[in-house]
């Protein structure tokens, strides 16, 4: 089946993305579930940068579905990617479940520990946007032990987030102890 061209004469972006993915799935070296998950994730990132959020969401969801057949770290990574996508798209309520799933699935050492920290930071951002400060504080407290392993720019982002949390928690009369420094 041939793809439908767009009015400009080229392939529609979604059709082009699907053709690339179909080629991978049909045997261009993507025989393992891990490679399929990587292909879906790549196509999601391409769709995201191309302002095609519906396609990006579908690819991230497909990656998570396929990752379920893999190990905990792969599942956690796919859940994190979907949750981060939702949060960055301003879909904060939808971000919460996959980010919690990512933090719960990731192994507590190595790359998994770093993913737990990143998931908890993203979760704290989503919960702040939802005005759920107490829950977000719990996520930041959990992230506190892993912040030093983040990149310098991620650490700066966490410091800014913690500053916002400290101000808001003080206004609400809530305890800010245990937050990352």
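Decide, for segment 83-151, between rounded, prolate and oblate: order the square roots of the alpha carbon gyration tensor eigenvalues as a ≥ b ≥ c, take rounded if a/c falls under 1.5, and otherwise choose prolate if a/b is larger than b/c, else oblate. Cα axes put segment 83-151 in the prolate bin. Taking 0.36 nm per residue of sequence separation and removing the Cα-Cα distance, the residue 53/residue 70 pair yields an extension gain of 3.6 nm.
Can you give the alpha-carbon Rg of segment 60-181 over 2.2 N^0.38 Å, where N counts its residues? Scaled against compact globular proteins, the figure is 1.02. For the pair residue 174 and residue 97, a Förster radius of 35 Å applied to the C-beta separation gives a FRET efficiency near 0.90, rounded to the nearest 0.05.
Throughout, read-outs are computed from the coordinates displayed, never taken from laboratory work. Quick caveat: nothing in here was measured; it's all calculated off a predicted structure. Cβ sites come from the backbone with ideal geometry, for glycine too, and all protein chains shown count toward neighbours.
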